[in-house]
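See structure below.
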Amino acid sequence: MECEPESEGMHYEGMCIRPPSEALSILLQVTLGCSHNKCTFCGTYKDKRFTIKDDRVILSDIRFASRYMRRQDRVFLMDGDALIIPQKRLVWILDQIREHLPWVRRVGAYANAKSIRMKSPQELADLKERGLGILYLGVETGDEETLKRIRKGTSAANLILMGRKVREAGIKLSVTVLLGIAGPERSLEHARATGELLSAMDPNYVGALTVMVIPGTPLHEEYLEGRFRLLTERETLLELREMIAHTHLSRGLFFSNHASNYLPVKAKLPKGKQAALDMIDEALAGRVELRPEWMRAL
């Protein structure tokens, strides 16, 4: 394909986000926005209408990376849901990465329940064969009532099935959950149900973030109207403890080291569960310093 880039450099548009673990990756923006874009807590892609970027622009960026990013051996496909790209085009993108960036060891992308459902097991296996090594799935909660309230567009049972589908294809699975998203009223129900979902899904990695209210989102409106309350530090720690206590992974890492969290935890389950619970108990007793409010961020 002939490619005539409009300018030298990567063609990024709007706000771009990536998982913390992809900080050193080549960030290749292949879609704009999120195919769902209805979650009440998320304001990341409100300025974008979901679309797949032109192949010529994508190839231009891959070629730019081939010249100037030779020390980076991972690629992350942005924006919010690159997996939803039709199979033929996604295969083409992965093939171009393999051709022009042969040193890249792994490609990652965000996914959601809808995009995973749209791929057959064989299609996922084909993507794995072409370098797709990890998918990041926003679960947020295993509590059905909370899933409906935040307009996640799926059920706990479906999330479990889609997560297992990724794992069965040989692709690593990293899921995110949101501390505080159920508010104080359903905090422990959310924690237990999420732990049970994670146990049934059995991902490779779990990242727990703490919800932060973003202006312009429906959740922010709920907050201003008094229909949603953020958890206190203590309530957040109790929720995290309950969630970890109900999470049983065959072999996986549970993190709460995101900048939004009060207490950084890194536990290798199942072996490290008790140490993580003991650390939270120490924090609840005031013997472990928490991240101050001014240092918390998305």
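The values are calculated or read from the model by the stated rules, or taken from the named source; none is laboratory data. Just so we're clear, the structure is a prediction, and the values are computed from it rather than from any experiment. Methodologically, a virtual Cβ is constructed for each residue, glycine included, from the backbone with ideal geometry; neighbour enumeration extends over all protein chains shown.
Observations on the model:
- From Leu240, Leu188, Leu231, residue being within 26 Å of Leu135 (Cα to Cα) and aliphatic (A, V, I, L, M): Leu240
- Among (1) under 21 Å from Met15 (Cα atoms); (2) within 24 Å of the chain's Cα centre (by Cα); (3) at pLDDT 95 or above; (4) not hydroxyl-bearing (Ser, Thr, Tyr) - the single one Asp81 does not satisfy: (3)
- From the list Ser174, Ser260, Ser199, the lone residue that is assigned to a loop (DSSP other than H, G, I, E, B) and either closer than 25 Å to Thr154 by Cα or in contact (Cβ under 8 Å) with a residue 40 or more places away in the chain (or both) is Ser260.
Condition check ((1) closer than 30 Å to Ile171 by Cβ; (2) surrounded by 12 or more Cβ atoms within 10 Å (Cβ to Cβ); (3) touching a helix residue (DSSP H, G or I) at 6+ places or on another chain (Cβ under 8 Å)) across all residues:
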| site | (1), (2), (3) |
| --- | --- |
| Ala245 | yes, yes, yes |
| Ser250 | yes, no, no |
| Ser256 | yes, yes, yes |
| Val265 | yes, yes, yes |
| Gly272 | yes, yes, no |
| Ala276 | yes, yes, yes |
| Ile280 | no, yes, yes |
| Ala285 | no, no, no |
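- Taking (1) in contact (Cβ under 8 Å) with a residue 40 or more places away in the chain; (2) of a type in the set (Phe, Trp, Tyr); (3) surrounded by fewer than 12 Cβ atoms within 10 Å (Cβ to Cβ) in turn, Trp294 satisfies each apart from (1).
- Taken over region 153-204, the criterion of being surrounded by 20 or more Cβ atoms within 10 Å (Cβ to Cβ), at positive phi and touching a Gly at 6+ places or on another chain (Cβ under 9 Å) is satisfied by no residue.
- Complete set of residues in region 30-55 that are under 17 Å from the mean Cα position of the chain (by Cα), surrounded by fewer than 21 Cβ atoms within 10 Å (Cβ to Cβ) and not in a loop (DSSP other than H, G, I, E, B): Leu32
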